[in-house]
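Only one structure is covered here, and it is reproduced in the block below.
The values are calculated or read from the model by the stated rules, or taken from the named source; none is laboratory data. It should be emphasised that the depicted structure is a prediction, and the values quoted were computed from it without experimental measurement. Counting neighbours? That spans all protein chains shown, and the Cβs are built from the backbone with ideal geometry, glycine included. Each accessible area value is taken on the protein alone, full model and side chains, heavy atoms only, with ligands, DNA and RNA left out. Shrake-Rupley method; radii C 1.70, N 1.55, O 1.52, S 1.80 Å.
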Amino acid sequence: MSALLQTLREFLRGLAEGLLRVAVLAFGALVALVTLACGLALAGGLLLWSLLRGRRALPPNVFVGRASRPQTPPPAEVVDVQVREVREVRDPTHPSQG
């Protein structure tokens, strides 16, 4: 009889752990769906508000307060030069070329 109770106890423990995992997974999915719905409702409300005011909806400026990228200089003029070989000269006083 003791073995039967032990087996039943292990089965119920496994069942409870499985149900807990399913419940946690369902709760996480529910939180994700609610968050997505809130985001979509907010975006739709902002779009509707901008359309009612007659202005174009602009995307939010995510990088407010951060340093902007430096402006790239205008492209320089391309110069064509003659290629010539330079032979390698070793400097005996330099430690890496010793």
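State the percentage of accessible surface on region 1-55 attributable to carbon and sulfur atoms; use a 1.4 Å probe and exclude ligands, DNA and RNA. The partial results should precede the final answer.
Working: 3890 of 5050 Å².
Here it works out to 77 percent.
The simple spin-label model puts a point 7 Å past each Cα toward its Cβ; for S2 and S50 those points are separated by 7.4 nm. Remark: spin-label model distance A23-D91 equals 7.5 nm, labels positioned 7 Å along the Cα→Cβ axis.
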